[in-house]
1. When you go through (1) within 24 Å of residue 89 (Cα to Cα); (2) under 16 Å from the mean Cα position of the chain (by Cα) one by one for residue 233, which number turns out not to apply?
2. State whether the residues of the stretch 36-43 include one that is assigned to a strand (DSSP E or B), buried (at least 22 other Cβ atoms within 10 Å of the Cβ), in contact (Cβ under 8 Å) with a residue 12 or more places away in the chain and polar (S, T, N, Q).
3. Pick from the stretch 303-318 the residues that are in a helix (DSSP H, G or I) and touching a helix residue (DSSP H, G or I) at 6+ places or on another chain (Cβ under 8 Å): which of them is farthest from residue 192 (Cα to Cα)?
4. Under 8 Å between Cβ atoms, at least 6 apart or on separate chains: pull out the pairs that start in the stretch 274-289 with a residue that is without any contact (Cβ under 8 Å) to a residue 24 or more places away in the chain and end on any residue that is among the aromatic types (Phe, Trp, Tyr) and surrounded by 14 or more Cβ atoms within 10 Å (Cβ to Cβ).
Amino acid sequence: MNSEDLAVVILNWNGRSLLERFLPSVIAHSKGAKIYVADNASSDDSVEFIKSAYPQVQIIRNERNEGFAGGYNLALKAVEEPIYCLLNSDVEVCEGWIQPILDCFAQDANLAIAQPKIKDLKRPTHFEYAGAAGGYLDRLGYPFCRGRIFQSLEKDEGQYDDIREIFWATGACLFVKKDVFRELGGFDPDYFAHQEEVDFCWRAHNAGYAVRYVGHSQVLHLGGSTLSNMNPRKTFLNFRNSLYSLLKNLRLRVSLVLIFTRLLLDGLAALVFFFEGKPRHSWAVLRAHLSFYRHFGSMFRKREKAQFTKKYYCTTSIVWSYYVSKTRAFNNLVKD
């Protein structure tokens with residue numbers, strides 16, 4: 001398998017400055033791959049800039065902004081290469097970033113999804129928040145990464161220079177087989193943005209596919225370009241979408257018990273936000289719950305396609321480990 005089998009697809013919304021900064025590295029280090037920019041109905045001059053500066057880049061224009069999930073679902077209908085790389089517009093790729101991952105796909109027919117090492121563009125010695133060295137969940141469905149637990153980012157000292165099974169791969173740089181993406185129906189558009197990749201990977205596991213981290217491939221991520229980590233809109237989406245995933249992808253009794261527990265813990269988090277002087281985030285958590293209740297029926301009906309076959313968590317409570325046991329590094333949390 002070589003780079004001609006790969007489509008690098010960058011979703012864009014009013015990101016002229018990001019494209020201007022990051023597209024050159026993608027073009028320079030993706031020889032042979034076909035590069036697409038999927039434009040989510042931008043109102044700036046993104047499309048005109050690409051046409052003028054990079055005519056070799058293919059442009060797919062969505063008629064409206066459907067967010068990350070819906071935007072990719074629409075755009076990828078027009079992309080026929082056997083492997084997709086869904087790449088954020090604020091990612092700087094490095095020389096040799098493609099082939100290690102394509103080699104993994106070639107060697108394992110069951111591999112459906114993969115991600116490279118994600119490092120912080122602003123501090124390249126460290127891992128980056130969105131993905132780091134691969135994603136995991138705790139028993140309550142809280143996501144974390146090798147190299148990143150909550151806001152603690154590990155220094156890259158070669159500790160994750162490996163190839164390893166993971167539970168979820170970051171949407172910042174997600175490689176996926178076209179046939180699997182279409183078989184699973186793509187991302188769930190009801191998520192709009194945030195944690196749709198967790199749900200997608202969970203559904204892939206339930207369908208019997210493998211998800212992997214490939215540490216011999218590396219990219220640098222700016223992060224926070226669409227919504228910063230402390231944006232109330234992001235708080236709303238993360239809290240709501242995490243509940244969606246628990247409802248959709250677990251056996252019913254387990255799902256309902258965990259959802260009830262999470263609702264209580266989310267309420268506690270809302271109180272913490274309030275006493276920290278962040279009332280907009282408290283309100284975002286409440287709105288997330290109200291939205292979850294409103295869409296409970298439609299999400300419940302999506303359970304029919306899931307098989308609920310695979311253990312999803314690698315530790316009981318990341319909240320307890322981080323805030324009580326003071327665990328800051330993944331290798332101190334999970335022992336091989």
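The values are calculated or read from the model by the stated rules, or taken from the named source; none is laboratory data. Fair warning: this is a prediction, and the values are worked out from it, not measured in the lab. Please note: Cβ atoms are built from the backbone with ideal geometry, for glycine as well, and neighbour counts cover all protein chains shown.
1. Failing condition for residue 233: (2).
2. Yes - at least one qualifying residue is present in the stretch 36-43.
3. At the first step, the residues of the stretch 303-318 found to be in a helix (DSSP H, G or I) are 303-305, 318.
Applying the additional criterion that residues be touching a helix residue (DSSP H, G or I) at 6+ places or on another chain (Cβ under 8 Å) yields 303, 305, 318.
Numbers: 303: 19, 305: 20, 318: 26 Å.
By that ranking, first place goes to 318.
4. Listed pairs, sorted by first residue: 279/273; 282/273; 282/274.
Each row is one residue, and each column tells you yes or no for (1) of a type in the set (Lys, Arg); (2) in contact with a Cys (Cβ under 9 Å, 6 or more places away or on another chain); (3) assigned by TED's automatic domain parsing to the domain that holds residue 150; (4) not in a helix (DSSP H, G or I).
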| residue | (1), (2), (3), (4) |
| --- | --- |
| 271 | no, no, no, no |
| 277 | no, no, no, yes |
| 282 | no, no, no, no |
| 285 | no, no, no, no |
| 289 | no, no, no, no |
| 297 | no, no, no, no |
| 301 | yes, no, no, no |
| 320 | no, no, no, no |
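Rundown of residues vs (1) closer than 20 Å to residue 168 by Cα; (2) in a loop (DSSP other than H, G, I, E, B); (3) in contact (Cβ under 8 Å) with a residue 12 or more places away in the chain, yes/no style:
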residue	(1), (2), (3)
59	no, no, yes
69	yes, no, yes
75	no, no, yes
81	no, yes, yes
96	no, yes, yes
101	yes, no, yes
112	yes, no, yes
